[in-house]
Amino acid sequence: MGSNDAKLLFFQYVLYVLWVVLLIVVVYGFAIGLLANVSKKSVKSTGSSQLRLYCLGGLDVSASTPSGGGAKGGGRGVTSLAGPSSRRSLATPPADGDDDDLAQARRGSTADARNGLGLVGLRNIGNTCFMNSVLQCLSNTRVLLDYIRKDTYQKDINNVTSSMKGALFKAFGELIKELWASDSSGPVNTAALKSQIQRFAPRFMGYSQQDAQEFLRYFLEGLHEDVNRVTSKPKPITTDIEDSLPDAEKAAEAWRRYLRSEDSLIVDAFVGQLKSTLKCTHCGHCSVTFDPFWDLSLPLPSGRNSGALRLSHCLEAFTKEETLDGDEKPKCAKCKERRRCTKSFSIQRFPQVLVIHLKRFSPLERFRGKLNTLVEFPLEGLDLTPYASEAQSGPSPRYNLYAVSEHSGTPYSGHYTAHCKNPIDGRWHEYNDSRVSAASGRSAVSAEAYVLFYEREGGSSQRSRL
């Protein structure tokens with residue numbers, strides 16, 4: 001075979017390969033076009049479509065695509081597809097009449113939104129679903145809503161000791177007012193509030209994924225600082241509370257000392273008091289301390305032999321007595337030596353708003369995955385009497401659920417949503433960034449529940465000083 005024949009054969013081979021590649025491209029394009037056409041027909045026939053996306057690109061993942069109209073991007077240049085949530089609670093099947101309640105809620109949703117009932121979504125401006133979820137839960141917190149809509153917070157703005165001089169709370173107040181305005185028609189942009197959050201807590205700079213519970217803690221701290229009634233920090237008290245006092249008096253004194261520097265409506269609503277009991281197994285000496293808490297971080301017990309995991313099991317694990325030994329041995333105040341001790345927690349003061357954090361991400365689990373354990377929790381009548389300290393006094397520790405911040409997916413590609421009960425009409429809705437859908441209360445109980453918000457029965461915004 002001559003050199004010319006070899007060249008001709010080579011060019012023929014190249015042309016054959018190019019022809020095959022072109023054929024593959026044409027077939028692939030035809031298939032994509034066919035699927036797109038089927039998808040459009042499906043959307044037209046159902047009225048809206050639903051797709052669960054995860055916050056990898058940091059854009060709005062939830063906006064409706066109505067039939068017969070153009071899709072509206074809920075975030076920065078992204079068309080998102082979502083319809084009314086079809087997720088059913090994993091805890092229990094719907095009770096009789098549950099679907100009827102949901103249908104009624106859906107019928108009323110449009111009118112409610114026009115009447116300023118807070119059924120407005122929030123734009124996802126870049127991996128901000130964690131923030132949107134928490135903000136919707138706080139928006140449906142009755143005591144906060146009243147505080148803002150009545151402009152009561154204006155007189156409490158702290159321009160003296162607050163690092164933000166009230167800028168954070170003012171931005172939050174404007175956002176809440178916009179969510180509850182009678183003329184609100186579309187998703188609210190959170191950019192102004194986020195800029196203030198970043199000033200207060202630089203860890204939330206940028207658009208990386210964040211933890212909703214961590215954000216809630218920082219955000220509440222910032223709001224408290226902006227409306228702290230204490231504008232002149234008192235000198236710290238160096239003396240310990242007298243150990244011989246009865247526990248009730250110790251608790252009252254500890255709470256008074258706390259309020260000397262930390263006193264705001266945020267504290268009135270969200271802060272409770274824990275009793276910690278440390279008992280030396282050698283001499284029997286008991287050391288009791290009382291500390292404020294902003295939420296209860298509950299472990300998810302594993303290895304249960306039978307039955308579903310309930311919130312009561314998590315509370316029992318949190319309050320049960322544990323033994324401190326080895327490197328954990330504390331110094332006994334009486335023995336003056338490191339001794340084996342037992343430690344236990346109980347609740348001394350119950351807050352008006354109880355925030356419960358289900359610890360789905362442990363320090364080790366964060367690198368391996370997430371605990372997707374279903375925890376069943378009551379919608380109404382959560383009784384915390386078994387976990388109260390003996391010296392506890394005050395309002396009945398019974399709570400009703402009104403909001404849940406949820407996390408779906410993995411720590412690496414997850415998404416936050418929220419289920420909230422409207423404080424005005426009592427209807428439940430799911431908040432998925434810019435999309436708001438009618439829901440049932442039962443749908444809030446799922447394996448995605450991460451942060452629970454409970455309101456105390458008969459609670460009020462009055463200041464409690466024990």
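Evaluate the stretch 169-185: report whether one residue or more is surrounded by fewer than 20 Cβ atoms within 10 Å (Cβ to Cβ), within 28 Å of Phe361 (Cβ to Cβ) and among the small types (Gly, Ala, Ser).
Checked against the condition, which is being surrounded by fewer than 20 Cβ atoms within 10 Å (Cβ to Cβ), within 28 Å of Phe361 (Cβ to Cβ) and among the small types (Gly, Ala, Ser), the stretch 169-185 yields no hits at all.
I need every pair where a residue in the stretch 185-196 that is over 17 Å from Leu220 (Cβ atoms) has its Cβ under 6 Å from the Cβ of a residue that is in a helix (DSSP H, G or I) and of a type in the set (Asp, Glu), sequence separation at least 6 or different chains.
These pairs meet every condition: Val188/Glu178.
Assess whether Val143 counts as being surrounded by fewer than 21 Cβ atoms within 10 Å (Cβ to Cβ) and part of a helix (DSSP H, G or I).
So Val143 fits the description; yes.
Counting just the residues of the stretch 146-160 that are outside any loop (DSSP other than H, G, I, E, B) and among the charged types (D, E, K, R), which one comes out surrounded by the fewest Cβ atoms within 10 Å (Cβ to Cβ)?
By that ranking, first place goes to Lys155.
Among what's in the stretch 161-211 and is aromatic (Phe, Trp, Tyr) and outside any helix (DSSP H, G or I), pick the residue that is nearest to Gly409 (Cα to Cα).
In this case the residue turns out to be Tyr207.
Kindly provide the set of residues from the stretch 218-237 that are buried (at least 17 other Cβ atoms within 10 Å of the Cβ) and either more than 16 Å from Gln154 (Cα to Cα) or more than 21 Å from the chain's Cα centre (by Cα) (or both), ordered by number.
Phe219, Leu220, Asp226, Val227, Asn228
Looking only at residues in the stretch 240-281 that are assigned to a strand (DSSP E or B) and among the small types (Gly, Ala, Ser), which one is surrounded by the fewest Cβ atoms within 10 Å (Cβ to Cβ)?
Ser276
Return a yes/no flag: does the stretch 273-284 have any residue that is of a type in the set (D, E, K, R) and under 25 Å from Ile356 (Cα atoms).
yes
Looking at (1) at pLDDT below 95; (2) more than 30 Å from Asp156 (Cα to Cα), which is the one condition that is false for His313?
The failed condition is (1).
Has the stretch 343-353 got any residue that is closer than 18 Å to Glu390 by Cα, of a type in the set (S, T, N, Q), surrounded by fewer than 16 Cβ atoms within 10 Å (Cβ to Cβ) and out of contact with any Cys (no Cβ under 8 Å at 6 or more places or on another chain)?
Initially, the stretch 343-353 is screened for residues closer than 18 Å to Glu390 by Cα, giving 343-351.
With the extra rule that they be of a type in the set (S, T, N, Q), the set shrinks to 344, 346, 348.
Then keep just the ones that are surrounded by fewer than 16 Cβ atoms within 10 Å (Cβ to Cβ); that gives 344.
Still in the running and out of contact with any Cys (no Cβ under 8 Å at 6 or more places or on another chain): 344.
Yes, because at least one residue in the stretch 343-353 is closer than 18 Å to Glu390 by Cα, of a type in the set (S, T, N, Q), surrounded by fewer than 16 Cβ atoms within 10 Å (Cβ to Cβ) and out of contact with any Cys (no Cβ under 8 Å at 6 or more places or on another chain).
If I ask for residues that are touching a Ser or Thr at 6+ places or on another chain (Cβ under 9 Å) and in a helix (DSSP H, G or I), which ones from the stretch 118-140 would you list?
Cys129, Phe130, Met131, Asn132, Ser133, Val134, Leu135, Gln136, Cys137
Can you pull out every residue in the stretch 405-449 that is at pLDDT below 95 and within 24 Å of Gly126 (Cβ to Cβ)?
Scanning the stretch 405-449 gives Gly409, Thr410, Pro411, Tyr412, Ser413, Gly414.
Cβ-Cβ distance below 6 Å, separation of 6 or more or different chains: which pairs start in the stretch 151-176 with a residue that is under 19 Å from Glu262 (Cβ atoms) and at pLDDT 95 or above and end on one that is surrounded by 13 or more Cβ atoms within 10 Å (Cβ to Cβ) and of a type in the set (Val, Ile, Thr)?
Tyr153/Val227; Asp156/Val227; Gly166/Ile157; Phe169/Val227
The values are calculated or read from the model by the stated rules, or taken from the named source; none is laboratory data. Small disclaimer: the values here were computed from a predicted structure and weren't measured. Neighbour counts are summed over all protein chains in view; Cβ atoms, including those assigned to glycine, are modelled from backbone coordinates with ideal geometry.
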